[in-house]
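The values are calculated or read from the model by the stated rules, or taken from the named source; none is laboratory data. Given the structure is predicted, the values throughout are model-derived calculations rather than measurements. Cβ placement follows ideal geometry from the backbone for every residue including glycine, while neighbour counts extend to all protein chains displayed. Ligands, DNA and RNA are excluded from the accessible area calculation, which covers all protein heavy atoms including side chains. Shrake-Rupley method; radii C 1.70, N 1.55, O 1.52, S 1.80 Å.
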Amino acid sequence: MKGLVIVSACLLGTRCKYDGGHNRSEAVLAFLAGKRYLAVCPEIIVLPAPRPPVEIREGRVVTAEGEDRTALFERGVRETLRHIDEAGPAALAILKARSPTCGSGAIYDGTFTHTRTAGDGLLARALKARGIPVWTEEDVEARMAAKK
């Protein structure tokens, strides 16, 4: 694969998840071996971890208490896109499934009950609009398992 791979930093083990944890994926790390990649986290750019969890409800990024964080998270995405542009053309993005910024194809529905709905997180949507394919770690895990 030629070109830069954008990857959610939490999938590499960076503690940037809302609760201060990470979502390290051995499959993603194996897939990235020998590839040029850029770790990103639009959320940590604008809010330190730990931070209140957010979901997308009716197109807005909100906390469980209903606080609207949309503008803040959009700023994080804009800054992330600037970093991507500076790093070079991207061939692929591997982003955290169901995240309000990174989810691709399915996100949580804004009720904070782990209910999934069709949709994309803010960064995934922006990358797709640029024509960059977006996978989740689950897609990578399935592809790696199929190779065995």
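Residues in the range 98-148 that are free of Cβ contacts under 8 Å to residues at least 24 places away in the same chain, of a type in the set (Val, Ile, Thr) and not in a strand (DSSP E or B): THR113, THR115. Of all residues in the range 98-109, those satisfying the criterion of being under 15 Å from LEU127 (Cα atoms) and out of contact with any Ser or Thr (no Cβ under 7 Å at 6 or more places or on another chain) are SER99, PRO100, THR101, GLY103, GLY105. A Cβ distance below 8 Å, combined with a sequence gap of six or more or placement on separate chains, defines the contacts here; from the range 15-31, residues that are more than 22 Å from VAL62 (Cα to Cα) reach residues that are assigned to a loop (DSSP other than H, G, I, E, B) and open to solvent by 20 Å² or more (accessible area, probe 1.4 Å) in the pairs ARG24/GLY13. In the set (1) at positive phi; (2) under 12 Å from the mean Cα position of the chain (by Cα), the condition left unmet by HIS114 is number (2). Candidates in the range 24-51 are the residues that are assigned to a loop (DSSP other than H, G, I, E, B) and open to solvent by 40 Å² or more (accessible area, probe 1.4 Å); of these, the one that is farthest from ALA106 (Cα to Cα) is GLY34.
Only one entry in ALA129, ALA97, ALA145 is over 19 Å from CYS10 (Cβ atoms), of a type in the set (Gly, Ala, Ser) and modelled with pLDDT of 95 or more, namely ALA129. For the range 52-97, filtering for residues that are closer than 14 Å to ASP120 by Cα, open to solvent by 30 Å² or more (accessible area, probe 1.4 Å) and not in a helix (DSSP H, G or I) leaves 5. Among the conditions (1) of a type outside the set (Val, Ile, Thr); (2) in contact with a His (Cβ under 8 Å, 6 or more places away or on another chain); (3) open to solvent by 70 Å² or more (accessible area, probe 1.4 Å), CYS10 misses just one, which is (3). Scanning the range 98-131 for residues that are surrounded by fewer than 22 Cβ atoms within 10 Å (Cβ to Cβ), touching a helix residue (DSSP H, G or I) at 6+ places or on another chain (Cβ under 9 Å) and of a type in the set (A, V, I, L, M) turns up just one, ALA126.
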